[in-house]
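The values are calculated or read from the model by the stated rules, or taken from the named source; none is laboratory data. Values in this document were obtained by computation on a predicted structure and should not be read as measured data. Cβ coordinates were reconstructed from backbone atoms using ideal geometry, including for glycine residues, and neighbour counts include every protein chain displayed.
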Amino acid sequence: MKIATFNINGIKARVNALSDWLDEAQPDVALLQEIKSVDENFPRELFEEKGYNVETHGQKSFNGVAILSKLPLEDVTRGLPGDPEDEQARWIEATVVGKQAIRLCGLYLPNGNPRPGPKYDYKLAWMERLHARAQELMAAEAPALMAGDYNIIPQDEDAARPEVWQEDALAYLDSRAAYRRILNLGFTEAFRARTQGPEHYSFWDYQAGAWNRNDGIRIDHFLLTPQAADLLVDCQIDKEIRGREKPSDHVPVWVELDL
DNA sequence: ATGCCACGACTATCGTGA
């Protein structure tokens with residue numbers, strides 16, 4: 001089963017690019033972030049025609065996550081638990097059943113800039129709630145994954161110019177520590193389980209010719225529970241998508257799981 | 001030190017992103 005994550009930076013602007021990539025990559029499941037659309041305006045029919053079931057958790061103008069799946073999506077829940085006051089649409093979960101069942105969590109973690117400030121406080125608080133949900137997934141001792149735009153550069157090797165990001169909310173000491181605290185529950189970061197070394201990125205800024213200079217960062221991640229990591233066959237970044245017409249600033253990352 | 005580019009909302013700029 002091929003499961004992908006893709007921050008599309010607006011569904012309206014990405015309908016063609018997303019459709020083309022789905023046709024070629026043929027993921028069984030696509031976890032989407034930054035749909036920047038309310039549920040009613042998401043062009044679900046377009047993807048249903050391709051054989052996908054569609055579940056959205058949208059919001060006006062900003063954020064918004066969705067799941068496309070060729071298999072039925074069961075037990076869908078929306079919103080990260082832990083703060084009923086939080087109105088931002090950044091989390092969606094569902095179960096799909098292949099040879100066995102797997103719980104899929106799609107997430108759009110807050111950016112957190114400028115730091116310090118209320119947006120950074122929100123990022124850290126959100127990561128604390130993510131930690132709590134991650135603990136539950138670990139306790140279930142079953143295949144599960146949390147994938148999406150983490151807005152975290154885990155290590156210096158995950159940025160072309162790490163010095164530029166040192167004080168930024170994406171790479172700051174506290175951000176990395178909060179991310180590691182989740183990893184240290186026992187998750188496997190799928191990409192690094194398969195590929196070592198620098199110059200592997202999932203985001204290139206639209207500005208200053210970042211793509212042409214390969215001035216990227218790796219911020220889109222798959223975290224697998226041990227029972228899901230047992231099933232890991234492959235994990236790749238579809239880098240070439242970034243060089244196409246009207247691309248998102250992120251590219252898809254996917255895992256192949258033996259289920 | 002700031003804008004560089006792109007998106008969506010509302011229609012001329014502006015908040016947001018990373």
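The residue list A:D156, A:D205 contains one member that is of a type in the set (D, E) and in contact (Cβ under 8 Å) with a residue 24 or more places away in the chain, which is A:D205. Could you say whether any residue in region A:135-150 is assigned to a helix (DSSP H, G or I), within 16 Å of DNA strand B (Cβ to nearest atom) and under 19 Å from the mean Cα position of the chain (by Cα)? No, region A:135-150 contains no residue that is assigned to a helix (DSSP H, G or I), within 16 Å of DNA strand B (Cβ to nearest atom) and under 19 Å from the mean Cα position of the chain (by Cα). Has region A:93-103 got at least one residue that is hydroxyl-bearing (S, T, Y) and either on the phi > 0 side of the Ramachandran plot or at pLDDT below 95 (or both)? So far as region A:93-103 goes, no, none of its residues is hydroxyl-bearing (S, T, Y) and either on the phi > 0 side of the Ramachandran plot or at pLDDT below 95 (or both). Regarding A:A190, is this residue free of Cβ contacts under 8 Å to residues at least 60 places away in the same chain and either loosely packed, with under 14 Cβ neighbours inside 10 Å or out of contact with any helix residue (DSSP H, G or I) (no Cβ under 7 Å at 6 or more places or on another chain) (or both)? No; evaluated as a whole, the condition is false for this residue. When region A:222-246 is filtered for residues that are farther than 21 Å from A:A17 by Cα and under 16 Å from the mean Cα position of the chain (by Cα), the ones remaining, listed by number, are A:F222, A:L223, A:L224, A:T225, A:C235.
Per the conditions (1) without any contact (Cβ under 8 Å) to a residue 24 or more places away in the chain; (2) out of contact with any Pro (no Cβ under 7 Å at 6 or more places or on another chain); (3) farther than 28 Å from A:P226 by Cα, the sole criterion not satisfied by A:G112 is (1).
Residues that are in contact (Cβ under 8 Å) with a residue 12 or more places away in the chain and under 24 Å from A:H221 (Cβ atoms) within region A:21-33 comprise A:W21, A:L22, A:A25, A:Q26, A:P27, A:D28, A:V29, A:A30, A:L31, A:L32, A:Q33, listed in sequence order. Provide a single number: the residues in region A:4-59 that are part of a loop (DSSP other than H, G, I, E, B) and more than 16 Å from DNA strand B (Cβ to nearest atom). The qualifying residues number 7. Is it the case, given these coordinates, that A:E199 is over 29 Å from A:P114 (Cα atoms), outside any helix (DSSP H, G or I), modelled with pLDDT of 95 or more and more than 16 Å from DNA strand B (Cβ to nearest atom)? Here the answer is no, as A:E199 does not meet what is asked.
Can you tell me which residue is farthest from DNA strand B (Cβ to nearest atom) among those in region A:212-234 that are in a loop (DSSP other than H, G, I, E, B) and surrounded by 19 or more Cβ atoms within 10 Å (Cβ to Cβ)? Result: A:L231.
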